[in-house]
Amino acid sequence: MRYAAAILVGRAVRIAARLRKRGGGSAVPGLVVNRIAPGFLDSVLRSFPRGVVVVSGSSGKSTTTKMLAALLEAHGMRVFTNPSTANIAQGLTSALLERVGLDGRIRADIAVLEMDEGHGARIAPRIRPRVAVLTNVMTDQIDRFSDSAVVARLLATIAGTASEAVVANADDALLEDVVAELTPDVRVERFGVTQAVLDDAPRGLGYSATRAERATGGVLVSSVDGREAVVETPVGAAEVVLPARGIHYAVDAAAALAAAHVVLGDRFDLSSAARAIGSLEPVFGRGELVSVRGRRVEFVLVQNPGSYQLNVDQLPADLDQVLVAMGSDVRDPSYFWPVDPSRLRSVTVATGSKAHEFALHLEYSGVRVGSIDPDLGRALDGFLALPNPASGLKTIVFTADSMRRTRAHLGLA
């Protein structure tokens, strides 16, 4: 009960933040509680009977986390997770406040948590997760992580705290270096794609794929066709329906299947796992289809050059209406210049605080930009007011800051 007062204060702050700004302020309660009760986060996370699974990496964390939580629930486990993708310390604490009792405990068997690489490297040594799932290493958030080697070092810290197993992407050369340094008592399981799948991705997978000798077994994506994939596992092959199009979502599914097999052991049932993945909706912004103001819209989140390229390459070639939005999270817009966005062909409006920089890159890449309006709310209103497109869906491609602002503006909290 020593955290009861802090929990009550945090919940009061949460209510106040939501009354002040719908869809915003989700991290504020966590900031307050971490300040007045600095041991709260660690104490709650250490209390789960079946331990904690940490999912981290440059890209794919949110989808892999959602898939893994669903897989474990399909096998009868009570799972706590952070579904809002709040993956830094204050966001994790805010997520705990949603379900924690005044005794400082959550009624769940296991926690499956997406963690930011930097925050995860600080939190994991204190809680000693049972399993660490490492998705990939990309050039990511250059204002925080100056290059891929920094991200790899952070993930190595997380991996080194795992008490039972590390589940790692076998196609990422930097992650292979990470798992090579683990002590022999930590089990290593791998996931990835077959050579045939890699051959169908001429631009690669966004990270430093390697065809070096890999350990036998593991979980491999053997084919991908839109939202349908075949995944080979140690207990057989499964046809899986993905929440969104693309090889990268199939790799996320492989990661979740590999981690679920580690956690569940002999209880793992492949058919139940495949059904669980097939029933999932996309994480917000990750290929999500929503109805807004009577219009059907697809949201596409791009967080780094790798995810930008992979997601744009999966878009239909006949899109008639596209809004692109780059926000303040992109400190240096030249970060995205290695991407080839020419598949977009034309963009209706570029918006956000970095609208002009985004539009410049598109124009140099041969993509016609109809208009530029840095006012995101006004641009969204105008875009949604347009008649339905002649072909394809209205499509919004945004960076993380613009995604959050779009969600708040449209009341999609």
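The values are calculated or read from the model by the stated rules, or taken from the named source; none is laboratory data. Computed from a predicted model, the values in this text were never measured in an experiment. With ideal geometry, Cβ positions are generated from the backbone for all residues, glycine too; neighbour counts draw on all protein chains shown.
When Val263 is tested against (1) farther than 30 Å from Ala390 by Cβ; (2) surrounded by fewer than 19 Cβ atoms within 10 Å (Cβ to Cβ), exactly one condition is not met: (2). Is it the case that the stretch 182-192 has a residue that's more than 19 Å from Leu41 (Cβ to Cβ), assigned to a strand (DSSP E or B) and among the aromatic types (Phe, Trp, Tyr)? Yes, some residue in the stretch 182-192 is more than 19 Å from Leu41 (Cβ to Cβ), assigned to a strand (DSSP E or B) and among the aromatic types (Phe, Trp, Tyr).
Kindly establish whether Ser208 is modelled with pLDDT under 90, under 26 Å from Pro305 (Cα atoms) and among the small types (Gly, Ala, Ser).
In short, yes.
Residues in the stretch 169-209 that are among the β-branched types (Val, Ile, Thr) and within 17 Å of Ala253 (Cβ to Cβ) were compared, and the one that is surrounded by the fewest Cβ atoms within 10 Å (Cβ to Cβ) is Thr194. Between Leu412, Leu310, the distinction of being under 30 Å from Ala201 (Cβ atoms) and under 22 Å from the mean Cα position of the chain (by Cα) belongs to Leu310 only. Is it fair to say Arg293 is surrounded by 15 or more Cβ atoms within 10 Å (Cβ to Cβ), touching a helix residue (DSSP H, G or I) at 6+ places or on another chain (Cβ under 8 Å) and among the charged types (D, E, K, R)? Here the answer is no, as Arg293 does not meet what is asked. Selection of first residues in the stretch 65-77 that are closer than 12 Å to Arg275 by Cα and modelled with pLDDT of 95 or more and of second residues that are outside any helix (DSSP H, G or I) and polar (S, T, N, Q), restricted to Cβ pairs under 9 Å at least 6 apart or on distinct chains, gives the following pairs, ordered by first then second residue: Ala70/Ser279; Ala74/Ser279. Of all residue pairs spaced 6 or more apart or on separate chains, those with beta-carbon atoms under 9 Å, a first member in the stretch 157-178 that is part of a strand (DSSP E or B) and a second member that is small (Gly, Ala, Ser) and modelled with pLDDT under 90 are Asp172/Ser208; Asp172/Ala209. Among the residues of the stretch 40-64 satisfying the criterion of being within 30 Å of Gly306 (Cα to Cα) and at pLDDT 95 or above, which is nearest to the chain's Cα centre (by Cα)? Going through the qualifying residues, I end up with Thr64. Among the residues of the stretch 341-353, those that are closer than 19 Å to Gly306 by Cβ and of a type outside the set (S, T, N, Q) comprise Pro341, Arg343, Leu344. Using beta carbons and a limit of 9 Å, which pairs, at least six apart or on different chains, have the first residue in the stretch 272-283 and over 15 Å from Ala260 (Cα atoms) and without any contact (Cβ under 8 Å) to a residue 40 or more places away in the chain and the second one outside any loop (DSSP other than H, G, I, E, B) and of a type in the set (Lys, Arg)? Listed by first residue and then by second, the contacts come to Glu281/Lys66.
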